[in-house]
Amino acid sequence: MNREELEKEILALAERHFESAEKPAFVPGKTYVPASGKVVGIEELRLLIGASLDLWLTAGRFTDRFEREFASWLGRKHALFCNSGSSANLLALTSLTSPLLGDRALVPGDEVITPACGFPTTVTPILQAGLIPVYVDIKRSNLNVDPELLEKALGPRTRAIMTAHTLGNPFELDAVLEIAKSRDMWLIEDNCDALGSLHGGKKTGTFGHLATFSFYPAHHMTTGEGGAVATDDPLLKRIVESLRDWGRDCHCPPGRDNTCGKRFDMSFGELPRGYDHKYVYAHLGYNLKSTDFSAAAGCAQLPKLDGFVARRKKNFRRLLEGLSPSKSCLDLPEATPGTEPSWFGFPVSVKENAGFSRRDITTWLESKGVGTRLLFGGNVTKQPAFAGTKHRIPGALTNTDWAMYSTFWIGLWPGLTDEMLDHSMDVINEFSKNKN
């Protein structure tokens, strides 16, 4: 039996093993309804086995393929795969401090505007780079940064904006882009929760100088652990790649040498002339690469992505209609005007006169088997990790604090059946009815 026949036999056995897995029936109140999760199948298993049979344990052919196909799907020139969405944020923000950017490089003490409400690793890279986060409030209507407050927050050293599309609902891109362009500021779109969302018919993650993505199992598609940075700027691409790959100046892919033909013929700083270019470092970098196993899973997931997005939109509509009986005590989500969100979760906020607290309803939901999540870090300035860090808050964070006390979200990911969604709605409506 040759290698090709052996591989076919291995795949056939793997498929039999996959199909033999039990698929338990959903029992309302007993089967837990997760707030997020992954949808994977035999296609992912086939490519993961293919990657393992290669025994190429780092980035390789699947990584090249995934970067190329993801960039094409997104509509950007470059996509760089890394080990997480948080690493993608670190790479994107840190790239703006590169000396290769000349006068446009951010330097310690420069300011980056960001909403106070969100996921901590949107903010953390700002501090790690020695920059100063300027925290602005959000709007209740879409839980995103308020552009009016953003403009008022501008100072003489404000050089960049880094903000996320909250739970897949795009922030007001036209207004934010206008502000950024008026001051020649950098814009980083944290698109980790918004893969497939549209603004004016164009995909989010294609508007900023840089955009970041997460492929953690909770997100729109998964590579297990994984993330990406996308850009159209070849210089930013080069910088992000360098930072991801130890800070090296060389751009040869793993397993290939001297693609430039000048490996031993260049001069760098005080190094001896002809010093091996593979060991010349242009940045204080990291190793944030992912593996070919993760990329292989991504190659199988990407053809399914449009279907995942469509299912999320369908599930959102079902929840929005089904929860209308609870509108007297709960604020239900609204899409930002001019957008089509690819919702990450279904956000709900307890009204001030509801007669119950968020803790009351989330405790009830969890007891009935419905998973809940808060709006990430709430007011991140109140998180222990951010205590004592240098920052600026130019105005009140009223809505941020409101969300910290009032907002939560439930799942609408593609793995949830109509029966699961109906159970989630029944439990919420029952609770709301009993409290009125």
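The values are calculated or read from the model by the stated rules, or taken from the named source; none is laboratory data. These figures come from a predicted structure and were not determined experimentally. Virtual Cβ from ideal backbone geometry, glycine too; neighbours counted across all protein chains shown.
What to note about this one:
- Conditions (1) closer than 24 Å to Asp64 by Cα; (2) surrounded by fewer than 20 Cβ atoms within 10 Å (Cβ to Cβ); (3) of a type in the set (Ser, Thr, Tyr): number failed by Ser182: (1)
Quick grid of which residues meet (1) among the aliphatic types (A, V, I, L, M); (2) at pLDDT below 95; (3) closer than 29 Å to Lys313 by Cβ; (4) in contact with an Asp or Glu (Cβ under 9 Å, 6 or more places away or on another chain):
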| position | (1), (2), (3), (4) |
| --- | --- |
| Pro115 | no, no, yes, yes |
| Pro133 | no, no, no, yes |
| Ser141 | no, no, yes, yes |
| Ala153 | yes, no, no, yes |
| Gly168 | no, no, yes, yes |
| Phe171 | no, no, yes, yes |
| Val176 | yes, no, yes, no |
| Leu187 | yes, no, yes, no |
| Asp193 | no, no, yes, no |
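- Those residues of region 187-241 which are among the aliphatic types (A, V, I, L, M), surrounded by 22 or more Cβ atoms within 10 Å (Cβ to Cβ) and part of a loop (DSSP other than H, G, I, E, B), in sequence order: Ala194, Leu195, Met221
- Residue within region 349-365 that is over 20 Å from Pro414 (Cα atoms), aromatic (Phe, Trp, Tyr), assigned to a helix (DSSP H, G or I) and modelled with pLDDT of 95 or more present: yes
- Failed criterion for Asp265 (all others in (1) free of Cβ contacts under 8 Å to residues at least 24 places away in the same chain; (2) crowded, with 24+ Cβ neighbours inside 10 Å hold): (2)
- When Thr259 is tested against (1) under 25 Å from Leu55 (Cα atoms); (2) touching an Asp or Glu at 6+ places or on another chain (Cβ under 7 Å); (3) among the β-branched types (Val, Ile, Thr), only condition (2) is not met.
- Considering (1) in a loop (DSSP other than H, G, I, E, B); (2) surrounded by 17 or more Cβ atoms within 10 Å (Cβ to Cβ); (3) in contact with a helix residue (DSSP H, G or I) (Cβ under 6 Å, 6 or more places away or on another chain), the lone condition that Asn142 does not fulfil carries the number (3).
- Among the residues making up region 281-295, a single one is surrounded by fewer than 17 Cβ atoms within 10 Å (Cβ to Cβ) and of a type in the set (A, V, I, L, M): Leu284.
- Region 72-119, subset in a loop (DSSP other than H, G, I, E, B) and hydrophobic (A, V, I, L, M, F, W, C), residue nearest to the chain's Cα centre (by Cα): Phe119
- Selection status of Gly102, without any contact (Cβ under 8 Å) to a residue 40 or more places away in the chain and either touching a Phe, Trp or Tyr at 6+ places or on another chain (Cβ under 9 Å) or farther than 15 Å from Trp186 by Cα (or both): no
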